[in-house]
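The values are calculated or read from the model by the stated rules, or taken from the named source; none is laboratory data. Model, not experiment: these values are computed from the prediction. Virtual Cβ from ideal backbone geometry, glycine too; neighbours counted across all protein chains shown.
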Amino acid sequence: MNLNEIDNIELKYLDIKDYQELKDLMIASYQTMPNAYWKEHQIESLVKKFPEGQVVISVNGILAGCALSIIVDFEKYESSHTYKEITADYTFDSHTKNGNMLYGIDIFIKPEFRGLRLGRRLYDYRKDLCEKLNLKGIAFGGRIPNYHKYSDKLTPKQYIEKVRAKEIHDPVLNFQISNDFHPTKILKGYLEGDIASNEFAVLLEWNNIYYDKPGKKALTTKRVVRLGLIQWQMRPYNSIETLMQQVEFFVDAVSGYRSDFALFPEFFNAPLMAQNNHLSEPEAIRELAKHTSAITRKFSELAISYNINIISGSMPEVISGKLFNAGYLCRRDGTTDRYEKIHVTPDEAKVWGMKGGNKLKVFDTDCGKIGILICYDSEFPELGRLLADEGMNILFIPFLTDTQNGYSRVRNCAQARAIENECYVAIAGSVGNLPNVHNMDIQFAQSMVFTPCDFAFPTNGIKAEATPNTEMILIADVDLDLLKELNEFGSVRNLKDRRKDIFDLRKL
């Protein structure tokens, strides 16, 4: 049939009233296997057990294709099975609503309707159904009808490898692979009488990336996460109390927009150093570090009372006599985690005697896994990649830069991290100046949220951006499910396509 002859294409549930037309469709579709059609009582059983799993597609009112499915407890069949076993001797008593996998029993298209991509529509329906029912994925035994031509010189495994490498054309297997199914196992003696495949089949699977394993806890991870970035104005503060009043003002503001995270900049508490200008710079910052514990406690209290996860930017902290640049993730459930700046800048080491940390980890939150890199650390791609390997979805970068040159380094590297690690990246910095604080006199910042560059995201990879050098908050929503889709089906797949056969990256 030509495209210009089509008036209507309809996908609908199979009705037992359609059986006679369905039988004719099966006989026409399986001409090499003339007796390979389902009896009426079998179709009736399928429709009664699982009506949503049985669909037909019609063209101009004529049945052109069909897809039959059941739900099974796949752990019972995962190691090996035959077609007879998976269908419970063709009774479909293996179907259970408490199963975890949609199993494809049959799919066929009438010869005169092939080439219209109707099979793809049926597979798309199955995928949508799988997601709707929260099943782990789709599985079925795929025939390899051209294998008999090569069985004298190739094992089934070798045959599949050559089909995947496009050295051999197999119409069935090629179609399944093009629809995102991947071979997982060779099934021997799968379908009785399938001479063309030498009774071999390939177990093909499609993974539902949205599958949530049922748990006993009522809590669920949010899929759309709202970020609140604070572009902090450096101004004089007479005490830690007045500083934290300003902090609470911003926490209140972003939580008022129901944000899930509040991100503060690096060294946001630097104005408190003004009262220590009579000291040397190394002494002054160590005095500032004495406030870190109290500030962290206050952040944790705010996280609980405003129901928001707070990333405290960074503050100087002295541990065992060594000065670090560190910050705290204060979750809204009351728990806290510490992170450190791994790479201190030459200026931080020279002027303050600051040491680089050695802790790098991904943090679990009620909004998924996050990573935090302080300023200069964002310019080292290995750190972001290690976090991505641990499942990071959002990377937060609190920063402090004095010049536009310094800001551009952080900004451009942060955007690169979003692309190469298939994650969201949020950066927040300080603006203004502190003429009364040595080594912290000017700041330049534009807070932003970056995304990967693919069809589901902004073309330029920028989700949201603040006005440069202006005190303000920036609110942006990020959809974690889009990252899953990108990882599986993106135009490019930076994480999956790495050549791990020639290089390796790991934490010591």
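Descriptive notes on the structure:
- Residue ID - surrounded by the most Cβ atoms within 10 Å (Cβ to Cβ), chosen from residues in the stretch 369-388 that are in contact (Cβ under 8 Å) with a residue 60 or more places away in the chain and not in a strand (DSSP E or B): C375
- Residue match in the stretch 236-253 (condition: buried (at least 17 other Cβ atoms within 10 Å of the Cβ), hydroxyl-bearing (S, T, Y) and more than 19 Å from A445 (Cβ to Cβ)): no
- Among the residues making up the stretch 437-475, those that are surrounded by 19 or more Cβ atoms within 10 Å (Cβ to Cβ), within 19 Å of the chain's Cα centre (by Cα) and part of a strand (DSSP E or B) are V449, F450, K463.
- Against the numbered list (1) crowded, with 22+ Cβ neighbours inside 10 Å; (2) in contact (Cβ under 8 Å) with a residue 40 or more places away in the chain, R411 comes up short only at (2).
- Top-ranked residue in the stretch 483-496 [being charged (D, E, K, R) and under 17 Å from L387 (Cα atoms); ranked as surrounded by the fewest Cβ atoms within 10 Å (Cβ to Cβ)]: K496
- Residues that are more than 20 Å from Y77 (Cα to Cα) and either exposed (fewer than 15 other Cβ atoms within 10 Å of the Cβ) or small (G, A, S) (or both), drawn from the stretch 181-195: G193, I195
- The residues listed here are A253, A274, A262; of these, the one that is assigned to a strand (DSSP E or B), assigned by TED's automatic domain parsing to the domain that holds K350 and in contact (Cβ under 8 Å) with a residue 40 or more places away in the chain is A262.
- Some residue of the stretch 62-77 being farther than 26 Å from K17 by Cα and in a loop (DSSP other than H, G, I, E, B): yes
- Filter pass, D501 being surrounded by fewer than 15 Cβ atoms within 10 Å (Cβ to Cβ) and of a type in the set (D, E): yes
- Search result, residues across the stretch 319-347 that are assigned to a loop (DSSP other than H, G, I, E, B) and either closer than 18 Å to F261 by Cα or outside the structural domain of G371 (by TED's automatic domain parsing) (or both): R331, R332, D333, G334, T335
- Filter pass, G61 being at pLDDT below 95 and either out of contact with any Cys (no Cβ under 7 Å at 6 or more places or on another chain) or within 14 Å of D106 (Cα to Cα) (or both): yes
- F140 being surrounded by 22 or more Cβ atoms within 10 Å (Cβ to Cβ) and not aliphatic (A, V, I, L, M): yes
- Condition met for D170 (within 30 Å of M101 (Cα to Cα), buried (at least 20 other Cβ atoms within 10 Å of the Cβ) and not β-branched (V, I, T)): yes
- Some residue of the stretch 371-394 being touching a Leu at 6+ places or on another chain (Cβ under 9 Å), closer than 20 Å to D477 by Cα and among the hydroxyl-bearing types (S, T, Y): no
- Selection from the stretch 91-124 of residues that are modelled with pLDDT of 95 or more and either of a type in the set (F, W, Y) or at positive phi (or both): F92, Y103
- Restricting attention to the stretch 29-55 and to residues that are assigned to a loop (DSSP other than H, G, I, E, B) and among the aliphatic types (A, V, I, L, M), the residue that is modelled with the highest pLDDT turns out to be A36.
- Restricting attention to the stretch 66-107, the residues that are touching a residue at least 40 places away in the same chain (Cβ under 8 Å) and either among the hydroxyl-bearing types (S, T, Y) or over 27 Å from L11 (Cβ atoms) (or both) add up to 8.
- All positions within the stretch 359-368 that are in contact with a Leu (Cβ under 9 Å, 6 or more places away or on another chain) and either more than 23 Å from R223 (Cβ to Cβ) or free of Cβ contacts under 8 Å to residues at least 40 places away in the same chain (or both): L360, K361, V362, F363
- Residues located in the stretch 61-80, provided they are over 29 Å from the mean Cα position of the chain (by Cα) and under 22 Å from Y123 (Cβ atoms): I62, L63, A64, G65, C66, A67, L68
- Evaluation of L483 against (1) outside the structural domain of F264 (by TED's automatic domain parsing); (2) closer than 17 Å to Y424 by Cβ (one fails), failing number: (1)
- Looking only at residues of the stretch 106-136 that are aromatic (F, W, Y) and more than 29 Å from the chain's Cα centre (by Cα), we find that the one that is nearest to Q176 (Cα to Cα) is F108.
- Residue within the stretch 23-43 that is touching an Asp or Glu at 6+ places or on another chain (Cβ under 8 Å) and closer than 20 Å to D124 by Cα present: no
- Under the condition of being surrounded by fewer than 20 Cβ atoms within 10 Å (Cβ to Cβ) and not acidic (D, E), the residues counted in the stretch 95-106 number 5.
- Scanning the stretch 477-508 for residues that are of a type in the set (A, V, I, L, M) and farther than 15 Å from M392 by Cα yields V492, I502, L505, L508.
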